[in-house]
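**Student:** Sharing a structure below in structure tokens format, with a few things to ask.
Every read-out reported here was derived from the displayed coordinates using simple, explicitly stated rules and does not represent laboratory data. Note that the structure is a prediction, hence the values are computed from the model and not measured. Ideal geometry is used to build each Cβ from the backbone, glycine not excepted, and the neighbour counts take in all protein chains shown.
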Amino acid sequence: MLLDTHVWIWWLMGQPELPFGQRVALDRLAERELPFLSAISLWEAHMLNAKGRLKLNRPFKRWLREAASLYTENSRVFMTRTPRRNGSFEY
């Protein structure tokens, strides 16, 4: 299963936008194996933070490192395309 950025963030942060049943299903899935996360989700989280749409209780860099650590350690980041500094994408 590949998580959408918003679902990933809502799940990690316990946000009410993610319905209870879906949260439970993701928790159960994660007990067996982590769902995949697109590399672009890391960039999207950065953009949400830069626009003030992601409210965190710690510095963003620390939050992102902690949020993504399980995925990168377990090779669960799905690399589709990588954003470049100029806004274009590298395939």
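**Student:** How would you order 5-18, 45-58, 26-39 from highest to lowest mean count of nearby Cβ atoms within 10 Å?
**Tutor:** Put in order of decreasing packing, that is 5-18, 26-39, 45-58.
**Student:** Here's another thing I want to ask about it. For a label point 7 angstrom out from the Cα of Arg32 toward its Cβ, which stretches of region 1-25 have the backbone nitrogen within less than 13 Å?
**Tutor:** What the label zone holds, given the 13 Å backbone N cut-off, is 1, 25.
**Student:** Also, I was wondering about something else. Suppose we take every Cα in region 2-81 and form the convex hull; what volume per residue is that in Å³?
**Tutor:** 91 Å³
**Student:** Next up: Relative contact order for region 2-81: what percent, with Cα pairs under 8 Å and sequence separation of 6 or more?
**Tutor:** Across region 2-81, relative contact order equals 38 percent.
**Student:** Take the eigenvalues of the Cα gyration tensor for region 1-41, scale each by 5, and report the square roots as semi-axes in whole Å, largest first.
**Tutor:** Semi-axes, largest first: 15, 14, 7 Å.
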